[in-house]
Amino acid sequence: MKAIDNKELILALEELEKEKGIKKNELLESIRTALITAYKRNFDALENVDVKMDEQTGATYVYAIKEVMEKANDDALEISLEEARKINKDLQIGDSVEVEIVPRDFGRIAAQTAKQVIIQKLRETERNMIFNEYSERKGEIVSGIIQKADKHIVVMDLGKLEGIMLPKDQIPTEKYKVNDKIKGYVVDVERGEKGVPQAIVSRTHPDFVRKLLEFEIPEIYEGLIEIKSVSRDPGLRSKVAVYSPNENIDPVGSCVGQKGIRIQNVINELHGEKIDVIEWNQDPSIFIASALLPAQIMAVDIKEEEKFAQVIVPDDQLSLAIGKSGQNARLAAKLTNWKIDIKSESQFREILAKKAEEINE
């Protein structure tokens, strides 16, 4: 049988299997499929063709698949019964038979095709490996060098792939410059243009603060202190609720650290974003009162079913409890997942007085 021999190809594929983990038989099948397409394209072939490859020698055989007829009217697709029985004496009319063909210059085409398939497969394998590696890093912090920065997008070099930071993931108070080294939280990993993997990175995600605290505070990393919830106004202020089932551990004190050194490292990474660390409590009244710190709270009246809390504060604490542009109240509501209505003592007394008047009327 005539064939295109390529022992070097088989040796190369075996080496790739060892080094890159790409299965030799998978590569051979991809090359085989590509060769069928290459044959039809290069030879304007009308016949149905198949290509077979010897896994040991790399020998490549090209066959035209023809239907057995009494007499062949179309040589490209048919073969006479007489000619067919020279190949296999058991063939009958209506059967299909493979007739070996050796197209001129197909060896050169085969070599080029095999090379292209191998290069493509190597790229795909590398991309898949990177994709899988970084998919496992979702929810982690990564560091990268900024390659591109404008108001629409920040592109980071993370080593093996690019990190993309969209406007919603950029802290409004920060300015990003090319060649700056920054950290970010991996929200997702997806396949971009031509299947190239890219990481979606965020500096505004609440879990960015959570992970920074976990990195800075061993008790959180070890599970001795649990972060129950985080709410953020990125670049300006965060509130973090912490809890420890161990009565001997002060969760707030452990997070803040001596003279505030632990929390300061996180604040520095966030370029001055203030962080309120609050002790979580299963009693919503106590938790809501703590969440509104630094304001002093007089009373919290809760409606459990509606998850609604009416909070009363001293008159001089109202603006502090609400915060600039409602920030403190908004962050407390996010942190606790309760609707919070804040009234000063005077406002509350007026409401009670009006209700009393209505009853007396």
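The values are calculated or read from the model by the stated rules, or taken from the named source; none is laboratory data. Owing to the predicted nature of the structure, the values given are computational and were not obtained by experimental measurement. Neighbour counts are summed over all protein chains in view; Cβ atoms, including those assigned to glycine, are modelled from backbone coordinates with ideal geometry.
Summary of values
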read-out	value
Residue match in the range 250-259 (condition: polar (S, T, N, Q) and either closer than 30 Å to MET129 by Cα or surrounded by fewer than 16 Cβ atoms within 10 Å (Cβ to Cβ) (or both))	yes
Residue list for the range 215-239, restricted to those being outside any loop (DSSP other than H, G, I, E, B), touching a residue at least 60 places away in the same chain (Cβ under 8 Å) and under 19 Å from GLU269 (Cα atoms)	PHE215, VAL230, SER231, ARG232, ASP233, ARG237, SER238, LYS239
Criterion (of a type in the set (Phe, Trp, Tyr) and in contact with a His (Cβ under 8 Å, 6 or more places away or on another chain)) met by exactly one of TYR176, TYR221, TYR185, TYR134	TYR185
All positions within the range 306-357 that are more than 27 Å from VAL230 (Cβ to Cβ) and among the acidic types (Asp, Glu)	ASP315, ASP316, GLU345, GLU350, GLU357
ARG237 being touching a Pro at 6+ places or on another chain (Cβ under 9 Å), surrounded by fewer than 21 Cβ atoms within 10 Å (Cβ to Cβ) and either within 24 Å of GLY323 (Cα to Cα) or not aliphatic (A, V, I, L, M) (or both)	no
Residue count, the range 21-30 (criterion: surrounded by 15 or more Cβ atoms within 10 Å (Cβ to Cβ) and part of a helix (DSSP H, G or I))	4
Cβ-Cβ under 6 Å pairs, at least 6 apart or on other chains, the range 248-268 side within 14 Å of GLU214 (Cα to Cα), far side small (Gly, Ala, Ser) and surrounded by 14 or more Cβ atoms within 10 Å (Cβ to Cβ)	PRO251/SER244
Residues of the range 88-114 satisfying the condition of being surrounded by 14 or more Cβ atoms within 10 Å (Cβ to Cβ) and over 56 Å from the mean Cα position of the chain (by Cα)	LEU91
Pairs, first within 19 Å of LYS7 (Cβ to Cβ) in the range 18-43, second modelled with pLDDT of 80 or more and not in a helix (DSSP H, G or I), C-beta under 8 Å, six or more apart	ARG32/VAL51; ARG32/LYS52; LEU35/VAL51; LEU35/VAL62
Any hit, the range 202-213, residues being assigned to a strand (DSSP E or B) and closer than 30 Å to THR125 by Cβ	yes
Extreme residue, surrounded by the fewest Cβ atoms within 10 Å (Cβ to Cβ), among residues of the range 198-214 that are hydrophobic (A, V, I, L, M, F, W, C), free of Cβ contacts under 8 Å to residues at least 60 places away in the same chain and over 15 Å from VAL230 (Cα atoms)	ILE200
The listed residue being closer than 20 Å to TYR134 by Cα and buried (at least 20 other Cβ atoms within 10 Å of the Cβ), out of GLY159, GLY144, GLY195	GLY144
LYS18, sole failed condition from (1) surrounded by 16 or more Cβ atoms within 10 Å (Cβ to Cβ); (2) under 24 Å from GLU126 (Cβ atoms)	(1)
Count of the range 76-94 residues which are at pLDDT 80 or above and within 24 Å of ARG32 (Cα to Cα)	3
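For (1) at pLDDT below 80; (2) not acidic (Asp, Glu); (3) not assigned by TED's automatic domain parsing to the domain that holds ARG85, each residue gets a yes or a no:
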position	(1), (2), (3)
LYS24	yes, yes, no
THR33	no, yes, no
ILE36	no, yes, no
LYS40	yes, yes, no
ASP44	yes, no, no
ASN48	no, yes, no
VAL51	no, yes, no
ALA59	yes, yes, no
TYR63	no, yes, no
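To keep it simple, each residue is scored yes or no on (1) out of contact with any helix residue (DSSP H, G or I) (no Cβ under 9 Å at 6 or more places or on another chain); (2) not in a helix (DSSP H, G or I).
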position: GLU17; (1), (2): no, no
position: THR33; (1), (2): no, no
position: LYS40; (1), (2): yes, no
position: VAL62; (1), (2): no, yes
position: ARG85; (1), (2): yes, no
position: ASP90; (1), (2): yes, yes
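Table: residues versus (1) outside the structural domain of SER231 (by TED's automatic domain parsing); (2) surrounded by 15 or more Cβ atoms within 10 Å (Cβ to Cβ); (3) touching a helix residue (DSSP H, G or I) at 6+ places or on another chain (Cβ under 6 Å); (4) within 21 Å of ALA241 (Cα to Cα).
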| residue | (1), (2), (3), (4) |
| --- | --- |
| GLN317 | yes, yes, no, no |
| SER325 | yes, no, no, no |
| LYS334 | yes, yes, no, yes |
| LYS339 | yes, no, no, yes |
| SER344 | yes, yes, yes, no |
| ILE351 | yes, no, no, no |
| ALA356 | yes, no, no, no |
